[in-house]
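The values are calculated or read from the model by the stated rules, or taken from the named source; none is laboratory data. Keep in mind that this is a model prediction, so the values were computed, not measured. Cβ placement follows ideal geometry from the backbone for every residue including glycine, while neighbour counts extend to all protein chains displayed. Side chains included, ligands, DNA and RNA excluded: accessible areas come from the protein's heavy atoms. Shrake-Rupley method; radii C 1.70, N 1.55, O 1.52, S 1.80 Å.
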Amino acid sequence: GAGVSQSPSNKVTEKGKDVELRCDPISGHTALYWYRQSLGQGLEFLIYFQGNSAPDKSGLPSDRFSAERTGGSVSTLTIQRTQQEDSAVYLCASSSSLSLSNTGELFFGEGSRLTVL
Amino acid sequence: GNSVTQMEGPVTLSEEAFLTINCTYTATGYPSLFWYVQYPGEGLQLLLKATKADDKGSNKGFEATYRKETTSFHLEKGSVQVSDSAVYFCALKRLYNQGGKLIFGQGTELSVKP
């Protein structure tokens, strides 16, 4: 696609339910990142994929959070047993080896807003 | 550890006013520095960057100079427009970070009034 696509754009769920957030990166981008944007907290790094493997998952806040990437393309972020503090905008970004070498630029989607009641 | 600190917002300015958004960083070595902008309803996009000390990044009338001695990368624009209203994020990437992970500040919201 033309840009990074994320779905759903908005998700309201009840505390304790599981949610899945999807990211479709720019075609050909091998690097994929998940960030969380909370009010007043800036962008918090969650996990980085290179291809299908995740060499850096240091930002996942608890074992309720997991992510996978298949076929070197689409990624899914799963939050189990959601809590109210999980409410945030979850951003996905992708990049190519060329972009990372030349400019270091990441290309972001518009995000998925999660509200846990 | 590595971190980025930005001035708190929101910043409210009149059109054609001078803009400064302060950004300081803590990092081992000499990171690359970035400013990203998030317009309402859109994803973050790269505004400008600098990769070494004394480099000046510039784009769309915005400028920022990499100051190693003060570990700063302040964003400036001489005359803001209503269309500059957005949230601005300062970020760093550690040298030799093969993964390309960026560390962001908390963002500064700018509102420009006509």
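A few points about this structure:
- Of all residues in the range A:2-13, those that are within 14 Å of chain B (Cβ to nearest Cβ) have Cβ atoms under 6 Å from Cβ atoms of residues that are open to solvent by 50 Å² or more (accessible area, probe 1.4 Å) and aromatic (Phe, Trp, Tyr), 6 or more apart or on another chain, in A:4/A:107.
- In the range B:58-92, the residues that are closer than 13 Å to residue B:13 by Cβ and either touching a His at 6+ places or on another chain (Cβ under 9 Å) or within 14 Å of chain A (Cβ to nearest Cβ) (or both): B:86, B:88
- Qualifying strands (runs of 3 or more DSSP E) (wholly inside the range A:1-89; at least 3 residues being in contact with a Ser or Thr (Cβ under 9 Å, 6 or more places away or on another chain) and farther than 15 Å from residue B:102 by Cβ): A:10-13, A:19-24, A:65-69, A:75-79
- Annotation: of all residues in the range A:76-117 being within 11 Å of chain B (Cβ to nearest Cβ) and among the charged types (D, E, K, R), the one that is nearest to residue A:10 (Cα to Cα) is A:110.
- Among all positions in the range A:17-34, there is no residue which is within 9 Å of another protein chain (Cβ to nearest Cβ), open to solvent by 20 Å² or more (accessible area, probe 1.4 Å), within 30 Å of residue B:55 (Cα to Cα) and not aromatic (Phe, Trp, Tyr).
- The strands (runs of 3 or more DSSP E) falling completely within the range B:1-51 that include 1 or more residues that are without any contact (Cβ under 8 Å) to a residue 24 or more places away in the chain and under 19 Å from residue A:44 (Cα atoms) map to B:45-50.
- Screening the range A:35-62 for residues that are of a type in the set (A, V, I, L, M) and either open to solvent by 20 Å² or more (accessible area, probe 1.4 Å) or facing chain B (nearest Cβ under 10 Å) (or both) and picking the one that is farthest from residue A:77 (Cα to Cα) gives A:39.
- Where residue A:88 falls short, out of the listed (1) surrounded by 18 or more Cβ atoms within 10 Å (Cβ to Cβ); (2) within 20 Å of residue A:28 (Cα to Cα): (2)
- Residues that are basic (Lys, Arg) and over 14 Å from the mean Cα position of the chain (by Cα) do not occur anywhere in the range A:50-60.
- Test result for residue A:110, touching a helix residue (DSSP H, G or I) at 6+ places or on another chain (Cβ under 6 Å), surrounded by 14 or more Cβ atoms within 10 Å (Cβ to Cβ) and within 22 Å of residue B:38 (Cβ to Cβ): no
- Screening B:44, B:95 for residues that are within 12 Å of chain A (Cβ to nearest Cβ), at pLDDT below 95 and in contact with a strand residue (DSSP E or B) (Cβ under 6 Å, 6 or more places away or on another chain) leaves exactly one candidate, B:44.
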